[in-house]
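Remarks on the structure that follows.
The values are calculated or read from the model by the stated rules, or taken from the named source; none is laboratory data. The shown structure was predicted, so the numbers you read here are calculated from the model rather than taken from an experiment. When we count neighbours, we look across all protein chains shown, and the Cβ atoms used for this are built from the backbone with ideal geometry, even at glycine. Calculation scope for accessible area: heavy atoms of the full protein, side chains included, ligands and nucleic acids excluded. Shrake-Rupley method; radii C 1.70, N 1.55, O 1.52, S 1.80 Å.
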Amino acid sequence: MILLTTSTGAKHIILLGAPGAGKGTQATVLSELQDIPHVSSGDLFRDNLKRETPLGLQAKSYMEKGELVPDDVTVAMVHDRLNQPDCDSKGVILDGFPRTVEQARALGKVLQQDGKKIDLVVYIQVPEDVLVQRLTGRWICRACQTVYHTLHNPPRTAAECDACGGELYQRSDDRPETVQNRLNVYFEQTLPLVDFYQEKGLLREMDGQQDIETVGTALLEVIQAKQPR
Ligand code: ADP
Ligand code: ADP
Ligand code: ZN
């Protein structure tokens, strides 16, 4: 038997969906199950902000308003992360990137230059009223970034992380005034990516309104269906 391999076996998966769709929640679990690094552009920005790096300071005002950080800054940051050894050998689960058609084109280009490609884009669909309710009830662990929800995924002990005992906090951009702007930005600037990846035959749609475990199982099935036998 002749084995023809065209890639390194690394997997490049994009989770596409509105703020609050459940991308981070699913990516965290999937990353462990499949041993593929989880890269969240929002987490990268927040980490830079916390450390007060020049990149963090550049991103700050956009994040506070719920606007997108400019494409060139964002693409450079994610590209840097993709070049690290873990992503280079195992691929990546991208969460929150790309968020504009320009970012998607830039991503395609840098992967191509490295002989890599996007394998799959999963679009997690959730209606707008549910998104608002999810974002305004979201709590995050300050220490390990595990995501909770006051109603749908509460911690065992109030305001304390199940995983590490860390303190839980609410993101300032999850306040109702900023949430609506973020959703508007999503519909205007990110939703066009659904057509963009559909046309490339890479898109799979998923009902993100089901409970967390059901979405996780469906996601795993879609990914395994893509794996070479
Ligand atoms: P995103 O990364 O897409 O912005 P998150 O994963 O942070 O979304 O989820 C947003 C909020 O919704 C969190 O509070 C999370 O606990 C909750 N959540 C995620 N998935 C579901 C789901 N399938 N059903 C109910 N709540 C969910
Ligand atoms: P959510 O998925 O809940 O909307 P994220 O954590 O992904 O939130 O993003 C938080 C903020 O970080 C965004 O509102 C935006 O300011 C910035 N950001 C994250 N990813 C990108 C991106 N790909 N392009 C531009 N800005 C981004
Ligand atoms: Zn924690």
| request: Could you order H152, H12 by accessible surface area, starting with the largest, using a probe radius of 1.4 Å? | output: H152, H12
| field | Counting all C-alpha pairs of region 17-129, share separated by more than 25 Å (%) | value | 21
| If you take the beta carbon distance between S61 and E221 as r and set R0 to 45 Å, what does 1/(1 + (r/R0)^6) give as a FRET efficiency, to the nearest 0.05? | 0.65
| Based on DSSP H assignment, which helices of the chain show an axial Cα extent of at least 15 Å together with a mean Kyte-Doolittle hydropathy greater than or equal to 1.0? | 212-225
| said: Keeping all protein chains in place and using 1.4 angstrom, which order do C164, C87 fall into by accessible surface area, from largest down? | reply: C164, C87
| query | Between region 99-163 and region 195-229, what is the C-alpha centre distance in whole Å? | reply | 15
| note | Under 5 Å from the placed amide H of K11, counting only residues 5+ away or on other chains, we find G91, V92
| query | Can you give me the pair-distance distribution of the chain, C-alpha pairs, 10 Å bins, whole percents? | reply | 7, 32, 39, 18, 3, 1, 0
| query | In whole angstrom, and with the biggest value first, how far do the Cα coordinates of region 116-229 range along each principal axis? | reply | 44, 36, 28
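Out of all DSSP beta bridges in the chain, what portion is antiparallel? Express it as a percent rounded to 5.
Approximately 30 percent, going by the DSSP bridge assignments.
Using a probe of 1.4 angstrom, how much of the accessible area of the chain is carbon and sulfur, in percent?
Using a 1.4 Å probe with all protein chains present, the chain comes out at 50 percent carbon and sulfur.
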| Check W139: other-chain or 5+ apart residues with amide H under 5 Å from its amide H, H built from backbone geometry? | Y148, H149, T150
| Regarding region 67-179, what whole-number volume in Å³ per residue does the convex hull of its Cα atoms give? | 143
| How high is the relative contact order of the chain, in percent, with contacts defined as C-alpha pairs under 8 Å that are six or more residues apart? | 28
| query | Once both labels are modelled 7 Å past Cα along the beta-carbon direction, what's the D207-C164 spacing in nm? | reply | 3.6
| query | Considering amide H positions built from the backbone, and no H for Pro or chain starts, which residues 5 or more places from Y123, or on another chain, come under 5 Å of its amide H? | reply | L16, R204, E205, M206
| Inter-site label distance for V194 and T214 at 7 Å from Cα along Cβ, in nm | 2.0
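Set the Förster radius R0 to 30 Å, insert the Cβ-Cβ distance between T53 and V110 as r into 1/(1 + (r/R0)^6), and round the FRET efficiency to 0.05.
On the way: r = 22 Å, r/R0 = 0.72.
Once rounded, the FRET efficiency stands at 0.90.
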| remark: The local net charge around G216, scoring Lys/Arg +1 and Asp/Glu -1 for residues other than G216 whose Cβ lies under 13 Å from its Cβ, equals -4
| task | Note down the nm distance, to one decimal, between modelled labels 7 Å out along Cα→Cβ at Q180 and at N83. | result | 4.2
| task | Hey, for a label at V132 modelled as a point 7 Å past Cα toward Cβ, could you say which residues of region 10-49 have their backbone N under 17 Å away? | result | 18-21
